[in-house]
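Please read the structure below before turning to the comments.
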Amino acid sequence: MTRFLLVTDLDNTLVGDQAALERLNQQLMQLRQEQDILLAYSTGRSHDSYLKLKATEPLLDPDALVTSVGTEIYYQNSRTPDPDWSRTLDNGWVREDILAITAHFQDLVLQPASEQRPYKVSFYLAPHLASDLVPRLKVALHIRGLDTKIVYSGGKDLDILPLGGDKGQALLFLREQFDISAEQTIVCGDSGNDQALFSVGKERGVVVGNAQPELLQWYKEHGADYHYLATRSCAAGILEGLHHFRLLS
Ligand SMILES: [Mg+2]
């Protein structure tokens with residue numbers, strides 16, 4: 001029995017075309033009877049926001065759920081994030097100090113409290129301001145000794161994360177937990193915060209056909225032969241990728 005880990009982003013990757021999602025679910029359920037398939041969702045949403053999505057979309061229960069851009073990891077139906085993962089993010093992370101600096105950037109609009117997490121500070125930022133503001137913010141944080149990761153995604157979300165915490169680092173941690181190699185892993189995404197999923201190792205990657213310009217640009221510059229750019233959108237693009245990587249015949 002071949003083990004396989006499928007990791008997918010939710011909004012505009014797995015979710016976005018309900019008919020295609022139902023087709024994919026069907027195939028995954030069938031595949032799960034023949035192979036040891038592990039399913040993980042990796043989303044920018046908070047856990048609460050994931051539950052809201054789950055109430056309206058036909059989502060299979062995943063084996064692991066990575067929320068808040070890789071900063072929280074949940075297993076099965078647990079409501080508490082993996083404390084070992086949280087501990088690794090603590091190093092050098094001082095939320096209040098970050099907020100004191102971002103307060104000087106008036107174009108950053110703080111996202112609602114539900115999206116502010118222990119290891120994620122989130123803003124909205126208009127796309128035409130991003131290329132100027134992001135480098136200045138990076139410098140401002142760095143000179144105060146706050147080494148963080150800034151991720152701009154979907155032409156609107158700016159997330160500040162601990163240096164060791166993004167979707168890619170969380171994927172590495174998950175692979176270790178499940179004892180699964182990069183070659184036995186398929187990752188799927190559509191936007192900037194998914195870039196990290198495609199850049200950890202030699203995980204098979206599916207960029208869905210409706211991907212955002214920032215991810216398409218990344219694919220153009222860094223895409224490898226173990227990455228696949230689908231022509232179809234959302235779950236139909238994932239299905240296409242699973243055929244491409246011969247997980248489905
Ligand atoms: Mg997305």
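The numbers here are math on the coordinates, done by the rules we state, and not lab data. Note that this is a predicted model, so its numbers are computed, not measured. Ideal geometry is used to build each Cβ from the backbone, glycine not excepted, and the neighbour counts take in all protein chains shown.
For the reader, a short list of remarks on this structure follows.
- Helix axis angle, 234-244 relative to the chain longest principal axis, alpha carbon, degrees: 60 degrees
- Cα centre as origin, Lys/Arg/Asp/Glu Cβ charges: the chain dipole, Debye: 120 debye
- Signed unit charges on C-beta, dipole axis of the chain, positive-most listed residue Ser131, Val200, Gln217: Ser131
- Gaussian network model of the chain, Cα within-10 Å springs - most flexible of Ile160, Ile180, Ile73: Ile180
- Helix 18-34 and the long axis of the chain differ in direction by around 60°, with both axes built from C-alpha atoms.
- Aspartates and glutamates whose Cα lies under 19 Å from that of Lys156, excluding same-chain neighbours fewer than 8 positions away: Asp9, Asp11, Asp107, Glu115, Asp132, Asp166, Asp190, Asp194, Glu214
- For the chain, adding -39500 (n - 2.57) for each run of n ≥ 4 DSSP H residues and dividing by the number of residues yields -11500 deg cm²/dmol at 222 nm.
- Footprinting exposure proxy ranking of Cys234, Cys188, fewest other C-beta atoms within 10 angstrom first, gives Cys234, Cys188.
- Listed residues Leu31, Leu65, Leu21, most fluctuating in the chain (Gaussian network, C-alpha, under 10 Å): Leu31
- Charge dipole of the range 1-106 (Cα centre as origin; +1 on each Lys and Arg Cβ, -1 on each Asp and Glu Cβ, all else neutral): 120 debye, rounded to the nearest 20.
- Relative to the longest principal axis of the Cα atoms of the chain, the long axis of helix 167-178 makes an angle of roughly 50 degrees.
- Proximal charge balance of Thr71 [Cβ under 14 Å; K/R count +1, D/E count -1]: -1
- Antiparallel content of DSSP bridges confined to the range 134-208, in %, to 5: 60 percent
- DSSP beta bridges in the chain [antiparallel fraction, %, rounded to 5]: 45 percent
- FRET efficiency for the His243 to Asp48 pair, using the beta carbon distance and R₀ = 45 Å, is estimated at 0.85.
- Relative contact order, percent, the range 92-162 [alpha-carbon distance under 8 Å, six or more residues apart]: 36 percent
- Over the chain, Cα pairs under 8 Å with separation of 6+ residues give a relative contact order of 21 percent.
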